[in-house]
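Notes to accompany the following structure.
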Amino acid sequence: MDPDLPVISIRPLREQVASQFTQQQLIARLTSFFGILSLVLASIGLYGVTAYNAGSRVSEIGVRIALGANRGDVVRLVLRGAFGLILVGLCVGLPLTFAVGRFLGSQLYGMSPYNPVVTLAAVVTLGFSALAASLIPALRASSVSPLEALRVE
């Protein structure tokens, strides 16, 4: 335009574009942080519920072990109860996800709220975190001595 104007700063286009999206990047990082935090809190809650359920069934588990159940059977019993809770949560949460995604679709730039890959990744992540959270109480319950479990009564 004017050859006499001084050049103040020369930056690559990538840096200029990135400086325009700092607020969006901060919001994305905060959202990711709170998502991970909610996953950790849900895992801790599932761990607590599973540990309480397994602890309240110590005498039943002791009887099962005394009658010939092996560790794998007890672990499956406890994990089945934990994944029953996860299944109920998914049956309630997935329809709500798609319903809310319809209203928030305008906020998702370049992304569909009905993306099956993202939904599947969320379900698989939730499944792995549920497995990790419920495996510790299941293994602890499977190592119960039948004699000590029956003495508790």
Please report, in Å, the Rg and the Dmax of the stretch 75-124, where both are computed over Cα atoms only. 14.1, 45
Quick one: length gained pulling Gln16 to Phe128 fully straight, 0.36 nm per residue minus the C-alpha distance? 36.3 nm
Taking the simple approach of a point 7 Å from Cα along Cα-to-Cβ for both Asn115 and Val88, what is their distance in nm? 3.2 nm
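Looking at the chain, which longest stretch skips every one of the chymotrypsin sites (Phe, Trp or Tyr not before Pro) that is in a DSSP loop with at most 14 other Cβ atoms within 10 Å, leaving the sites themselves out?
Within the chain, the longest run free of exposed chymotrypsin sites (Phe, Trp or Tyr not before Pro) spans 22-108.
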At least 27 Å along the helix axis (C-alpha) and Kyte average at least 0.0, DSSP helices within the chain: 22-56, 71-104, 116-142
Once the Cα gyration tensor of the chain is diagonalised, what are the square roots of 5 times its eigenvalues, in whole Å and ordered largest first, as equivalent ellipsoid semi-axes? 53, 18, 11
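Laboratory data are not the source of any read-out in this text; all were calculated from the coordinates shown. Keep in mind it's a predicted model, so treat the numbers as computed, not measured. Ideal geometry is used to build each Cβ from the backbone, glycine not excepted, and the neighbour counts take in all protein chains shown.
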